[in-house]
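J.: Take a look at the following structure, please.
The values are calculated or read from the model by the stated rules, or taken from the named source; none is laboratory data. Everything numeric in this text was worked out from a predicted model, so none of it was measured. Cβ: placed from backbone, ideal geometry, glycine included. Neighbour counts: every protein chain shown.
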Amino acid sequence: MIPIKNAIQQGVWLHCSGEDKEPRYEKLDLRLKVLNFEKVDFTKVDKPEKVRFQDEGIYWIMQVEVINLLKDEISASLLRNFILLTDQDGYSFRIEADSHLSYSEYAKQVGLYRLNSGKLRPKMKVRGAISFLLPDDDYAEYSIAVANGTIVEA
């Protein structure tokens, strides 16, 4: 686990790798750089009432750069199966890919659209964003982690 604040401040690349054999064989091997992590400003979201689960928590956007290190292209949506956040109490939170938030005009502006659709080609840097639905907790300290895998400074 790598604290998000440290990753942003230091501008480090993180090597993320993981393997999940169930329900279907999937593999992740990429470099990831966290550029920004902030709450979604719903005044900028077109038709924000269409975004699900707003009453359950706070949506956050993590802007990142990723480089696929596998020899073949992978679906950008594969990140949802591996990348997660953990808080200081050990709770885990997966990427929340709300259909409206991920494919709206807002999503295209902030980069959510890019990492919810399309492919990640080998060795090519892609800038985009991923979203998380997190508890309303101003004191939480989050770290980035990989399910069924590892994350280390590259």
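J.: May I ask you to verify whether Leu32 is surrounded by fewer than 17 Cβ atoms within 10 Å (Cβ to Cβ) and either under 15 Å from Tyr142 (Cβ atoms) or of a type in the set (A, V, I, L, M) (or both)?
T.: No, not satisfied.
J.: Mind listing whichever residues of region 109-131 are assigned to a strand (DSSP E or B) and within 16 Å of Ile95 (Cβ to Cβ)?
T.: Leu120, Val126, Gly128, Ala129, Ile130, Ser131
This table checks each residue for (1) surrounded by 13 or more Cβ atoms within 10 Å (Cβ to Cβ); (2) more than 19 Å from Tyr142 (Cβ to Cβ); (3) aromatic (Phe, Trp, Tyr); (4) under 18 Å from the mean Cα position of the chain (by Cα).
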residue: Pro3; (1), (2), (3), (4): yes, no, no, yes
residue: Ala7; (1), (2), (3), (4): yes, no, no, yes
residue: Leu14; (1), (2), (3), (4): yes, no, no, yes
residue: Lys21; (1), (2), (3), (4): no, yes, no, no
residue: Leu28; (1), (2), (3), (4): yes, yes, no, yes
residue: Phe37; (1), (2), (3), (4): yes, no, yes, yes
residue: Val45; (1), (2), (3), (4): yes, yes, no, no
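J.: Out of (1) out of contact with any Cys (no Cβ under 9 Å at 6 or more places or on another chain); (2) hydrophobic (A, V, I, L, M, F, W, C); (3) more than 16 Å from Ala107 (Cα to Cα), the odd one out for Phe37 is which?
T.: (3) is the only condition that Phe37 fails.
J.: Now for a separate question. Restricting to region 132-153, and then to whatever is polar (S, T, N, Q) and not in a loop (DSSP other than H, G, I, E, B), can you tell me which residue is modelled with the highest pLDDT? Give the derivation first.
T.: From region 132-153, those polar (S, T, N, Q) are 143, 148, 150; that's our starting set.
Next, from what is left, pick out any that are not in a loop (DSSP other than H, G, I, E, B): 143, 150.
Working: Ser143: 97, Thr150: 94.
Among them, the one singled out is Ser143.
J.: Hey, could you check region 56-70 for residues that are touching a residue at least 60 places away in the same chain (Cβ under 8 Å) and part of a loop (DSSP other than H, G, I, E, B) and say which is surrounded by the most Cβ atoms within 10 Å (Cβ to Cβ)? Don't jump to the end; show me each part of the working.
T.: Of region 56-70, the ones touching a residue at least 60 places away in the same chain (Cβ under 8 Å) are 56-66.
Going one step further and asking which of them are part of a loop (DSSP other than H, G, I, E, B), we end up with 56-57.
Details: Glu56: 12, Gly57: 15.
It comes out as Gly57.
J.: Among the residues of region 36-55, write down those that are over 18 Å from Ala145 (Cβ atoms) and in contact (Cβ under 8 Å) with a residue 40 or more places away in the chain.
T.: Correct list: Val40, Lys44, Val45, Asp46, Lys47, Lys50, Val51, Arg52, Phe53.
J.: Sort out which residues of region 71-108 are in contact with a helix residue (DSSP H, G or I) (Cβ under 8 Å, 6 or more places away or on another chain), part of a helix (DSSP H, G or I) and surrounded by fewer than 20 Cβ atoms within 10 Å (Cβ to Cβ), and write them in order of number.
T.: Of everything in region 71-108, just one residue is in contact with a helix residue (DSSP H, G or I) (Cβ under 8 Å, 6 or more places away or on another chain), part of a helix (DSSP H, G or I) and surrounded by fewer than 20 Cβ atoms within 10 Å (Cβ to Cβ), namely His100.
J.: Moving on to the next point. Looking at this structure, is Phe53 in contact with a strand residue (DSSP E or B) (Cβ under 7 Å, 6 or more places away or on another chain) and part of a loop (DSSP other than H, G, I, E, B)?
T.: yes
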